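The values are calculated or read from the model by the stated rules, or taken from the named source; none is laboratory data. On a predicted model such as this, the values are computed, not experimentally measured, just so you know. For neighbour counting, all protein chains shown are included, and Cβ atoms are generated from backbone atoms with ideal geometry for every residue, glycine included. SASA here: full protein model, heavy atoms, side chains in, ligands and nucleic acids out. Shrake-Rupley method; radii C 1.70, N 1.55, O 1.52, S 1.80 Å.
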Amino acid sequence: MYEWIGRLTSNERNLARIEKGLRMFPDRLMADSCTVLSLILYAAVGTTFLRRMKSNLSDLLGEMPGDSYTRITRKYLQNVVFTLYEILFRSDQLQANSKAFLSVQGEEHLEEAYRLAMGKGMVVYTPHIGNFFFYYWYLSQKFDCLTVASAGSPELKPLYGKFAALGCKGLDYDSVPQLEMYRTLRRHVLRGGVVFILGDFWRPNFSLTRLFGKLTRSPEGAAMLALELQVPVVPFYGYRMKGFHHRLVFGTPIELYKQFEHSGRKERAAANVVLNSFIEQVIREQPASWFYWFNVHERWENAGAHKLDFTDLQDSKPLTTAEAG
């Protein structure tokens with residue numbers, strides 16, 4: 001997947017020329033072109049990729065009729081093609097035309113979260129689903145936002161650069177030290193800011209947790225901020241309805257600090273599983289929109305090598321709230 005993206009983003013000068021040329025074509029024609037390109041991509045990916053997609057889909061969602069795997073995989077590749085086109089060649093249209101292709105549901109939950117936070121900010125929690133770049137841009141127009149991303153990959157760097165140029169602020173998982181990152185996020189929330197966290201990132205040094213009943217690793221930042229600072233988490237996701245049109249859905253704020261009395265290691269791990277259940281729900285509802293189907297099989301741990309109770313869900317020493325303060 002990253003190799004495909006790299007072929008598109010490797011030459012920024014050529015991208016600029018292409019972007020300029022594409023502006024003369026109407027949206028309908030470009031949407032049809034993206035659809036055709038995704039079908040060509042489906043025919044070209046090869047049996048290894050298709051088998052991997054089928055294996056990962058059945059592993060997490062259960063066995064399905066054969067045509068369901070085909071339909072989801074085609075829609076998955078279609079969303080990848082559309083999203084790359086949007087980011088590379090339509091980002092400059094966001095400011096003027098966002099109301100035409102971003103439909104928002106449940107935005108009142110953000111105001112409810114601010115009321116619950118009592119002068120502090122909040123965490124907006126989401127998986128990598130739909131065009132998450134556009135969704136973060138939308139949120140950044142409404143609130144003082146900060147996100148955590150992974151821009152270390154040379155293939156992805158031009159994509160993040162597009163949104164940095166639009167004023168979207170972010171910290172890099174792979175270059176900012178853990179302690180510095182948490183302190184920055186903590187200060188941002190205490191000042192009333194919104195932290196946009198994509199909770200399905202995976203790194204081998206992240207905390208152990210469960211997703212779809214499997215042992216894996218994911219960041220605990222959302223749970224840690226919510227418990228320590230006693231701020232709400234707003235569950236959020238977006239998905240492509242048709243063509244370039246998206247729906248953004250904000251859910252009822254989750255008050256994790258009312259479910260767990262303390263903010264220690266055990267409570268953070270349990271809270272993280274609560275948040276992961278939301279990710280599972282979204283992926284089941286919008287399976288073709290989730291980005292990580294192509295390599296999700298790489299993130300599962302050997303359950304026999306670890307204790308499965310929440311008293312010891314992390315091998316390495318966790319970042320404590322005392323250290324982060």
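F134 sits among other residues whose Cβ lies under 13 Å from its own Cβ, and their net charge, with Lys and Arg +1 and Asp and Glu -1, is +3. Taking all Cα pairs closer than 8 Å and separated by 6 or more residues, the relative contact order of the range 79-166 comes to 45 percent. Please report the net charge: other residues with Cβ closer than 14 Å to the Cβ of K242, K and R +1, D and E -1. That works out to +1. Sorting E280, E180 by solvent-accessible area of protein heavy atoms yields E180, E280, largest first, with a 1.4 Å probe.
Considering only Y136, I87, M118, the residue lying farthest towards the positive end of the dipole of the range 70-142 is I87, judged by Cα position with unit charges set on Cβ. Carbon and sulfur: what percent of the range 70-172's accessible surface (1.4 Å probe)? So the carbon and sulfur contribution to the accessible surface is 52 percent.
Extension gain, E112 to D92, is 4.1 nm, computed as 0.36 nm per intervening residue step minus the present C-alpha separation. Other residues within the sphere of radius under 15 Å centred on the Cβ of F82, judged by their own Cβ, net out at +4 (K and R +1, D and E -1).
Taking 0.36 nm per residue of separation and subtracting the current Cα-Cα distance, fully stretching the chain between E285 and Q259 would add 6.8 nm. Looking at the range 104-247, the DSSP beta bridges with both ends there are about 35 percent antiparallel. Here the range 117-246 is treated with +1 on each Lys and Arg Cβ and -1 on each Asp and Glu Cβ, and its dipole about the Cα centre works out to around 200 debye.
For the range 185-237, the list of trypsin sites (Lys or Arg not before Pro) that fall in a loop by DSSP and count at most 13 other C-beta atoms within 10 angstrom reads R191. Among M30, M64, the order of accessible area from largest down is M64, M30, computed with a 1.4 Å probe on protein heavy atoms. Computed with a 1.4 Å probe over protein heavy atoms only, the accessible surface of the range 57-193 comes to 44 Å² per residue. Extension gain, K99 to F143: 0.36 nm times the residue separation minus the Cα-Cα distance gives 14.2 nm.
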